[in-house]
Amino acid sequence: MRIALFATCIVDAMYPATAKATVRILERLGHEVVFPAGQACCGQMHVNSGYLKEAVPVVANHVAAFDIADYDVAVAPSGSCVASVKHQHPMVARACGDAALEARATAVGTKTYELSELLVDVLGVTDAGAQLGSYFPHRVTYHPSCHGMRLLRLGDRQSRLLRTVQGIDLAELPEQDQCCGFGGTFSMKNADVSSAMLQDKAANIESTGAELCTGGDASCLMHIGGGLSRQGSSTTTLHLAEILASTLEEPASVTGEVRVSTGKALR
């Protein structure tokens, strides 16, 4: 297949290794990856804050970038951004009375998948170790982000893939369905509530004895990583894509790359 990569803002700016890992996974399966050059922010920060009018040009830009590109499907290593493309973009266009933009946004959203969704539902990956060569000999716990779980209804796709990674020791996260407290602008507008939620999440992660916490959204992992760092924890965070891309010959770095996070950088 010819697959368009939607990198997302935070991955492009702060976690480029996640985008590179996504490309390696897809190319390892024999697919061609293209990068629509006009892409930028998906606009979910605007929409989540109620700025629908201001979100219109942002949505229009995304639609323009992806409805002119030649590809079969698009993929992003982010449940929240894919949820925005699928659910918010048509809503924004409808709210501003632009039927043509709504139709185009709906078409783009239909072809856009979160990484695990694409791997499992479209590309038929059921065993990451056997089909991707995934190898990650570390104790890991997994946090399912809210948008992926509740809007995209990813279910156990991400955790199923993780369980089939060779060498991994996957520890069940207590109260894993509870929000980490990030929520984009929520963490700034409701900082005290967000911090309290993060403390609970960090305590549950620490209780597993995991070396790191993984998930499908860099933004949530940034928030979680920041909380763990401020507590002096040795536990770090790493995106699901980087674990799936890790092999015996080319292992993912869990300590070498600076992992930028809220409040304090992690190494």
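The values are calculated or read from the model by the stated rules, or taken from the named source; none is laboratory data. Not measured: the values here are computed from a predicted model. Glycine gets a Cβ as well: all are built from the backbone with ideal geometry, and neighbour counts include every protein chain shown. Just so you know, the surface numbers come from the protein's heavy atoms only, side chains and all, with ligands and any DNA or RNA stripped out. Shrake-Rupley method; radii C 1.70, N 1.55, O 1.52, S 1.80 Å.
Just tell me which aspartates and glutamates come within less than 17 Å, Cα to Cα, of Lys201; anything on the same chain fewer than 8 places away is out.
The reachable aspartates and glutamates, counting only those whose Cα sits under 17 Å from Lys201, are Glu172, Glu175, Asp177, Asp192, Glu211, Asp217.
May I ask you to list the lysines whose Cα is less than 23 Å away from that of Lys53, ignoring any residue fewer than eight positions away on the same chain?
Lys86, Lys189
Using the C-alpha atoms of the stretch 1-144, what convex hull volume per residue, in cubic angstrom, is computed?
Residue-normalised Cα hull volume stands at 115 Å³.
What whole number of Å gives the distance from the Cα centroid of the stretch 118-169 to the Cα centroid of the stretch 85-100?
31
Which shape class applies to the stretch 86-199: rounded if a/c is under 1.5, otherwise prolate when a/b exceeds b/c and oblate if not, where a ≥ b ≥ c are the square roots of the Cα gyration tensor eigenvalues?
Since a/c reaches 1.5 but b/c is at least a/b, the shape of the stretch 86-199 is classed as oblate.
Is any helix in the chain, taking whole DSSP H runs, at least 30 angstrom long along its axis by alpha carbon and on average at least -0.5 on the Kyte-Doolittle scale, and which ones?
Span-like helices, by this rule, are absent here.
Taking the inverse of the average 1/r across all pairs of different Cα atoms in the chain, what Kirkwood radius in Å do you get?
Here the Kirkwood hydrodynamic radius works out to 18.6 Å.
By accessible area of protein heavy atoms, probe 1.4 Å, what ranking do Thr164, Thr235, Thr106 get, highest first?
In descending accessible area the options line up as Thr106, Thr164, Thr235.
Return the percentage of antiparallel bridges among DSSP beta bridges fully within the chain, rounded to the nearest 5 %.
Rounded to the nearest five, the antiparallel share is 5 percent.
At 7 Å along the Cα-to-beta-carbon direction for both Ala130 and Ala107, put a label point, then send me their distance in nm to one decimal.
Using points 7 Å along Cα→Cβ, the separation is 3.9 nm.
May I ask you to give the solvent-accessible area per residue for the chain, in square angstrom, as obtained with a 1.4 angstrom probe?
So the chain comes to 42 Å² accessible per residue, rounded to a whole number.
Charges at C-beta only: +1 for Lys and Arg, -1 for Asp and Glu. How large is the resulting dipole of the chain about its Cα centre, in Debye rounded to 20?
That gives a dipole near 380 debye.
So what is the calculated 222 nm ellipticity per residue for the chain, using -39500 (n - 2.57) for each DSSP H run with n of 4 or more, over all residues, to the nearest 500 deg cm²/dmol?
The per-residue figure over the chain is -12000 deg cm²/dmol.
Taking GluC sites (Glu not before Pro) that fall in a DSSP loop and have at most 14 other Cβ atoms within 10 Å as cut points, what is the longest piece of the chain between them?
With GluC sites (Glu not before Pro) excluded where exposed in loops, the chain gives 1-171 as its longest stretch.
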